[in-house]
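Novice: Mind having a look at this structure? Questions to follow.
A short reminder: the numbers here are calculations on the coordinates, not readings from a lab. On a predicted model such as this, the values are computed, not experimentally measured, just so you know. A quick note on method: Cβ atoms are made from the backbone with ideal geometry, for glycine too, and the neighbour counts reach across all protein chains shown.
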Amino acid sequence: MTATNIRPTPVPGARPEDIPLLSNPAILRRDDGSYLMVYEESLPPPHQAHGDRRLYARTSPNGITFGPSMLLPFSDLDRSPPGTIFQSVPDLVALPDGSIRLYYVANGAAVASMRSTDGGLTWTQDIGYRLGTRPRPGGQAYVDPDVVLQADGTFLMYIAYSEFEPECGGLGCQRIRLARSTDGLSFILDSNDLLKASPGSALFSLVDPDVYQAADGRWYMLYGEHGTAPPQLRVAIRTDSLVSGLQSTTVQPQEVAFRSGDLTLRGFIWKPEGTGPFPAVLWNHGSEKLPGWLPELAPLFLRHGYVLFIPHRSGQGRSPGEYILDKLERERTEKGVEAWSKLLVTLQEAHLNDQIAALSYLKALPYVSSSRIALAGCSFGGIQTVLAAQRNLGLRAAIDFAGAAQTWGASPDLRQRMLAAVRQATVPIFFIQAENDYDLTPSRRLSTEMQGAGKAYKLRIFSSFGSTAQEGHSFCIAGGDLWGQEVFSFLAAYAGP
């Protein structure tokens, strides 16, 4: 193997023990055929804990000879408890718009990211963490990210996850987990481990996952093992789609197209095996730019015999149009909060037309029982669910997960619109939130309004989900194993089976 010209950044007058250690390289071939490498520089052990761990980038025309190093930016997100800068284990992902996103371990316990629009020459740090928060005693750690951008535009992040476990010493035993995202920024961590050391074994941790597709068409995960036994490199074989984790499934979603006014919108349908007719749930996605096809929840609905339809409203996912949050941000910037509040309702009404068009498409499917359809939705999708519940659309029930949890306090226009909708609701509505969501007022206020109007409703505030408001807000997607029984009992009572 030929050696390259990569050397540590010169430190004038440095002692041998202070010469930086280069490690954890990540390589990306750019669109023009050249290469970008990001790697870590740190003091060598045992001095590593007392100095900064920083990320550097270099470019190469051929992947062999690399140019001079470029120090990447840092922020307060990267500070570890001793006050040093901690950036480690980079992973590079080429985005569809031609930019590059770099994921890395920040502060020793979380995953952060930065983005480059010029091929890696300059970088801008993304706001907040992708997973985790600042280190704290007894807290969790999310390290060694490996991110896969799927064909549908959604993201999978494989990480080494740990929490305090006295029998492991230190922070705890690391295991491999999967997190999912529709935009590459807000990730939802699966509650179950993909891989974990066997109880009673000599292993403490599974680390450094790296997922790739081999020539045989199957997906493989390389990962390391360490503990009291000699460290080893292992391979886990994935015989199925990346979407469904390590558990195989024979059912895949179908991408469909439907008309809404002058637009052709798209979405995904999951259908149980068999000919039907089946009851169905139309799922209203949130404000995320890339809603995807809901692989986290689809198996849950299929097991209960429901068709699940995830239509993409205009400007989101596979559907054409300007992104709703871009419109709202421009209105807020140019005209202020009052104008933003009014536009929020106007755009929700426009998206309601998309939802009704999707519902008409769903009802016409031969394997769907058109008289047994319910709505469900999360965040902006919860708003959509409430607005549709006001209409006489032949629905049986509606489930609002955290609708308006992030907008209720700032938008009096939205509050009045949703209150009017529930007073005139034509179907029972189930309001669901986790206790640590951004704002519980919407569910409580709307359910009180329905009670006063003599309408059928149910309110359930579950225990906190995760440790942050965003994790609590993600309960609709990531907490299916917790809310599933109550939701399907509610659906059975009104929509069957």
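Novice: Stokes-Einstein at 20 °C, 1.002 mPa s, Kirkwood radius from Cα pairs: D for the range 254-494 in µm² s⁻¹?
Specialist: Answer from the Stokes-Einstein relation: 120 µm²/s.
Novice: Here's another thing I want to ask about it. Work out how far the C-alpha atoms of the range 376-470 reach from end to end along every principal axis, then list the three figures in whole Å, largest first.
Specialist: 39, 25, 22
Novice: Using a Förster distance of 22 angstrom, determine the FRET efficiency expected from the C-beta separation of Asp76 and Glu163, and round it to 0.05.
Specialist: 0.35
Novice: Going down the table (Lys196/Lys289; Lys289/Lys342; Lys289/Lys335), which pairs top 25 Å between alpha carbons?
Specialist: As for pairs spanning more than 25 Å Cα to Cα, those are Lys196/Lys289.
Novice: Using a basic spin-label model with each label point 7 Å from the Cα along Cα→Cβ, how many nm lie between Tyr220 and Thr275?
Specialist: About 4.5 nm separates the two model spin labels.
Novice: Lysines within cross-link reach of Lys271: Cα-Cα under 18 Å, excluding same-chain residues under 8 positions apart?
Specialist: Answer for Lys271, where 18 Å is the Cα cut-off: Lys363, listed by chain and number.
Novice: Using a 7 Å offset from Cα along Cα-Cβ at Ala456, what residues in the range 477-497 end up with backbone N under 13 Å from the label point?
Specialist: 490-496
Novice: Could I ask something else about it? Starting from the Cα of Leu121, move 7 Å in the Cα-to-Cβ direction to define the label point; list residues of the range 66-109 whose amide nitrogen is under 20 Å from there.
Specialist: Under cut-off, by backbone N: 66-74, 93-95, 97-102.
Novice: Tell me the chymotrypsin sites (Phe, Trp or Tyr not before Pro) within the range 277-338 that lie in a loop according to DSSP and have at most 16 other beta-carbon atoms within 10 Å.
Specialist: Here the sparse-neighbourhood loop sites are Tyr323.
Novice: Using the Kirkwood radius over Cα pairs, work out the Stokes-Einstein diffusion coefficient for the range 445-497 at 25 °C and 0.890 mPa s, in µm²/s as a whole number.
Specialist: 191 µm²/s
Novice: Quick one: net charge of Gly63's neighbours, Cβ under 12 Å, K/R +1, D/E -1?
Specialist: +3
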